[in-house]
Amino acid sequence: MWPRIVEMMTAVWLALSPFIFRAQSDPVIVWVDSLVALLIVLLAGASYWPRGRHAHLVILLVAVGLIVWARFAQSPPPPVHQNHIVVGLFLLMVALLPNEASDPPRQWRETDATAR
Amino acid sequence: MSDVNRDELNRNVPPYRHNPAAWNQRLPICVLAFVAAAISTHLSMFQWGLIDSVWDPFFGDGSERVLKSGTAEKMYSILGIHDAALGTLAYLGDAILGFGGSPRRWQYRPWLVILFGIDVIPLGIVSVLLVLAQAFIVGEWCFLCLVTAVISLILVYWAWDEVRVSLAYLRLVWKRTSSRRLLWRAFWGYREDAFDEAAESLLSREVR
């Protein structure tokens, strides 16, 4: 489940970003970053639940939204929005990884192909 | 993973005398990529104005002139993101995609190996182009940029064998089945008897 942990850590970075990039005076950025971070944590957490094991894939949509917002909110994007673009692109890579990322896929864990 | 034979996962893949997807092959890539990501983050912080100077033991303020050069600013206006930040992203991607998958991911998750290759190999080419731009367009040198360019080339060299093996496996699937549907399924790591046979024929090749 380590990719989900990485997503949660990225969400913490995102929530702290307005303060790191000295944009805490902009309430829109503080609120958007906090809410998106919360959403990412919820989706990554839901992936631990067997019925919600694919919830992390919804993070792909959240990441695309974050990138589009950051790219077009101000042109060229200031550092705080560049950070959003980097975080969004990074989440696109991490959210693709399955929950049991270091093990073979379930169907390959059976001893032969006919056993599935 | 109790019923998976770990020796089976770690089999050497001809023409190599090792398994290119083994942990001992991939972990050095991940560690080196994290080092490069840390260096790129330092350079990004300068481009973002969060720090006032860049560490450079050889070229004085050459690094700062490279990072604030017209070429760097032009790339920023086109991409919407500074080149060092893009480097951070790419190296973090190398590390994360390098960690994903089992020691047999060249067969079980070819999509992951190909994605990893797409992240590593073009990154190495871009790094070389940026170094050439330093020399011939900006006329200044940046020590840490050179270090990350060298790391990129090492990563390409280390990652290539795994990408090659995965492509060879997909090629064998295609040669045996001539089916786009099965090739697509093999790419996404589904399981079929034909895929086991293709992998076995790859594994049983003679090492020259």
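Assign one of three labels to the stretch B:52-208, namely rounded, prolate or oblate, based on the Cα gyration tensor with a ≥ b ≥ c the square roots of its eigenvalues; rounded applies when a/c is under 1.5, prolate when it is not and a/b is larger than b/c, and oblate otherwise. Please report the intermediate quantities before stating the final value.
Details: a/c = 3.28, a/b = 2.72, b/c = 1.21.
Prolate, because a/c is 1.5 or more and a/b exceeds b/c.
How high is the relative contact order of the stretch B:165-208, in percent, with contacts defined as C-alpha pairs under 8 Å that are six or more residues apart? Could the numbers behind the result be given before it?
Numbers: 24 pairs, mean separation 18.8, N = 44.
Contact order relative to length: 43 percent.
The label-point distance for B:R6 and A:S34, in a model that sets each label 7 Å from Cα toward Cβ, rounds to 4.7 nm. With a Förster radius of 22 Å applied to the beta-carbon distance between A:M9 and A:D103, the computed FRET efficiency rounds to 0.55.
Other chains' Cβ within 10 Å of A:66-78 residues: what's the mean? Intermediate results must be reported in sequence, preceding the final value.
Working: counts 0, 2, 0, 0, 2, 3, 1, 0, 1, 2, 8, 5, 2.
Going residue by residue through A:66-78 and averaging, the value is 2.
Averaged over the residues of A:85-95, the number of partner chain Cβ atoms lying within 10 Å of the residue Cβ comes to 4. Working from Cα pairs under 8 Å separated by at least six residues, relative contact order for the stretch B:97-160 is 33 percent. For the stretch B:31-77, what class follows from the C-alpha gyration tensor (a ≥ b ≥ c being the square roots of its eigenvalues): rounded when a/c is under 1.5, otherwise prolate if a/b is larger than b/c, else oblate? Oblate, because a/c is 1.5 or more while a/b does not exceed b/c.
Of the heavy-atom accessible surface of the stretch B:84-189 (probe 1.4 angstrom), what whole percent is carbon and sulfur? Before the final figure, lay out each step's value.
Details: 3180 of 4450 Å².
The C+S portion of the solvent-accessible surface of the stretch B:84-189 is 71 percent.
Since only A:V41, A:M9, A:P76 are under comparison, the one whose Cα sits farthest along the positive direction of the charge dipole of chain A, derived from C-beta charges on Lys, Arg, Asp and Glu, is A:V41.
For chain B, a simple Cβ point-charge model (Lys and Arg +1, Asp and Glu -1, everything else neutral) yields a dipole of about 860 debye relative to the Cα centre.
Placing unit charges on the Cβ atoms only, positive for Lys and Arg and negative for Asp and Glu, gives chain A a dipole magnitude near 120 debye about its Cα centre.
Computed about the Cα centre, the dipole magnitude for the protein assembly as shown is approximately 940 debye when only Lys and Arg (+1) and Asp and Glu (-1) carry charge, each at its Cβ.
Across peptide A:19-30, the average count of Cβ atoms from other chains found within 10 Å of a residue's Cβ is 1. Buried between A and B is an accessible area of approximately 3200 Å², summed over both sides with a 1.4 Å probe.
Using only alpha carbon pairs under 8 Å that are at least six residues apart, calculate the relative contact order of chain B and give it in whole percent. Once divided by the residue count of chain B, the mean separation gives 28 percent. Based on DSSP H segments of at least four residues, each scored -39500 (n - 2.57), the protein assembly as shown has a per-residue ellipticity at 222 nm of -22000 deg cm²/dmol.
Taking θ as phi - 60° and the Karplus parameters 6.51, -1.76 and 1.60, the scalar couplings of the stretch B:31-42 work out to 5, 5, 5, 5, 4, 5, 5, 5, 5, 4, 5, 4 Hz in sequence order, x denoting glycine and proline. Specify the inter-centroid distance of the stretch A:1-76 and the stretch B:12-60, based on alpha-carbon positions, in whole Å. For the stretch A:1-76 versus the stretch B:12-60, the Cα centre distance is 25 Å. The overall shape of the protein assembly as shown is oblate: from the C-alpha gyration tensor, with semi-axes ordered a ≥ b ≥ c, the ratio a/c is 1.5 or greater and a/b is no larger than b/c.
Which angle between 0 and 90 degrees, to the nearest 10, do you get for helix B:83-99 versus the longest principal axis of chain B when only C-alpha atoms count? Around 20 degrees separate the two axes.
The values are calculated or read from the model by the stated rules, or taken from the named source; none is laboratory data. Since the structure is predicted, the reported quantities are computational estimates derived from the model, not experimental observations. No Cβ is skipped: glycine too gets one built from the backbone with ideal geometry, and neighbour counts run over all protein chains shown. To get the accessible areas, we keep the full protein, side chains included, count just its heavy atoms, and leave off ligands, DNA and RNA. Shrake-Rupley method; radii C 1.70, N 1.55, O 1.52, S 1.80 Å.
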